[in-house]
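To start, the structure under review is shown below, and the notes come after it.
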Amino acid sequence: MSTPEYSIRTEHLTLAYEDKVAVRDATFQLPWGGVTAIIGPNGSGKSTLLHAIAGTLPPRSGSLSLGGGTRNRVSYVMQTVNVAPGTPITVREVIGMGRYAELGWWRPFRTTDRKRVDAAMERLGITDLAGRHLSELSGGQRQRVYVAQGIVQDHDLLLLDEPLTGLDLVSARVIDEIIHTESAEGCSVLVTTHDLDEARAADNVVLMAGRILAYGPPEQVLTRANLAAAYGLGSLHESGKDFVDDPAHPDEVSDPNPDRSR
């Protein structure tokens, strides 16, 4: 099979929740493969864009298409997953749910499915947690479980919503390695982030502020002018040559489209 021309392409895409516009008139195209970082302040539409790519939010207008027939081979690891306290579900069972897209709800697991679950747990360093319940895990351990669930699913496109935010160092390193390993194996990976260092380490960057301000290689997108337009001069400061998103001043973030949600 030849390599598709692109992984994601949008034309004048507008996304909204009822009367709240989150992303307006977005037109961009990302090449197949590699890691793409989607960056921007809170409320810029990063998570909303992932929902649309995953097929869980239909466009209000415009178009969004996936290259290579990936519509049915998208794996989406959300930032937060709500599980009722005390739910009697183990780590192995949670990860195994990633196989349901292929098997359906009622078909029994095959040997190959069980091996894939075992391999995903090993890659995320959580094999020893297989019989534990989610309520017994730390935040970093739970995030590794959800990433394992994501990679055990058949996929060409892996979406990760702020997968490294607030994690312990070990979990962050393990998940970061997964991100780049998946890319090296031919998967297109999209990661939302607030971390400019993560964005600079990506192959491509999409900079958002309720619309697409810039997209392309990091050195072309993460310029002083583009970052000032996205974040506002009051919410950025210099650290050497780096700009840093300043979480201590959320009210100073420039918002060119106040009628939107995250």
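Residues of the stretch 25-83 that are out of contact with any Leu (no Cβ under 8 Å at 6 or more places or on another chain), on the phi < 0 side of the Ramachandran plot and in a helix (DSSP H, G or I): 46, 47, 67, 71, 72. Output the residues belonging to the stretch 69-119 that are small (Gly, Ala, Ser) and either at pLDDT 75 or above or touching a Pro at 6+ places or on another chain (Cβ under 6 Å) (or both). Scanning the stretch 69-119 gives 75, 96, 98, 101, 119. Flag: residue 139 does not match the condition of being out of contact with any strand residue (DSSP E or B) (no Cβ under 7 Å at 6 or more places or on another chain), under 20 Å from residue 116 (Cα atoms), touching a residue at least 24 places away in the same chain (Cβ under 8 Å) and surrounded by fewer than 16 Cβ atoms within 10 Å (Cβ to Cβ).
A count restricted to the stretch 103-115 and to residues that are open to solvent by less than 80 Å² (accessible area, probe 1.4 Å) and of a type in the set (A, V, I, L, M, F, W, C) stands at 2. Among the candidates 67, 45, the residue that is crowded, with 17+ Cβ neighbours inside 10 Å, under 17 Å from the mean Cα position of the chain (by Cα) and touching a residue at least 12 places away in the same chain (Cβ under 8 Å) is uniquely 45.
In the stretch 78-102, the residues that are surrounded by 13 or more Cβ atoms within 10 Å (Cβ to Cβ) reach residues that are assigned to a helix (DSSP H, G or I) and among the small types (Gly, Ala, Ser) with C-beta atoms within less than 6 angstrom, at least six apart or across chains, in these pairs: 95/120; 95/148. For the stretch 11-26, a residue qualifies if it is more than 12 Å from residue 61 (Cβ to Cβ) and surrounded by fewer than 16 Cβ atoms within 10 Å (Cβ to Cβ), and the qualifying residues are 17, 18, 19, 20.
Scanning the stretch 193-208 for residues that are in a loop (DSSP other than H, G, I, E, B), surrounded by fewer than 23 Cβ atoms within 10 Å (Cβ to Cβ) and either on the phi > 0 side of the Ramachandran plot or more than 12 Å from the chain's Cα centre (by Cα) (or both) returns 195, 201, 203. Residues in the stretch 107-117 that are within 20 Å of residue 88 (Cα to Cα) and under 24 Å from the mean Cα position of the chain (by Cα): 117 only.
Keeping to the stretch 142-157, report how many residues are open to solvent by 10 Å² or more (accessible area, probe 1.4 Å), over 14 Å from residue 187 (Cα atoms) and hydrophobic (A, V, I, L, M, F, W, C).
Going through the stretch 142-157, the residues open to solvent by 10 Å² or more (accessible area, probe 1.4 Å) turn out to be 142-144, 146, 149, 151, 153-156.
Filter again for over 14 Å from residue 187 (Cα atoms), leaving 142-144, 146, 149.
After this cut, where a residue has to be hydrophobic (A, V, I, L, M, F, W, C) as well, the list is none.
Total satisfying the criteria: 0.
For the stretch 120-135, enumerate the residues that are open to solvent by 60 Å² or more (accessible area, probe 1.4 Å) and at pLDDT below 90. Listed by number, the list holds a single entry, 135. Counting only residues that are more than 18 Å from residue 4 (Cα to Cα) and either aliphatic (A, V, I, L, M) or assigned to a strand (DSSP E or B) (or both), the stretch 160-192 holds 13 of them. Could you grab me the full set of residues in the stretch 84-129 that are closer than 17 Å to residue 150 by Cβ and part of a loop (DSSP other than H, G, I, E, B)? Across the stretch 84-129, the qualifying residues are 89, 124, 125, 126.
The values are calculated or read from the model by the stated rules, or taken from the named source; none is laboratory data. Every value quoted in this text rests on a predicted model; they were computed, and no experiment measured them. Don't worry about glycine lacking a Cβ; one is built from the backbone with ideal geometry, like all the others, and counts go over all protein chains shown. Just the protein is used for accessible areas: all its heavy atoms, side chains included, with ligands, DNA and RNA removed. Shrake-Rupley method; radii C 1.70, N 1.55, O 1.52, S 1.80 Å.
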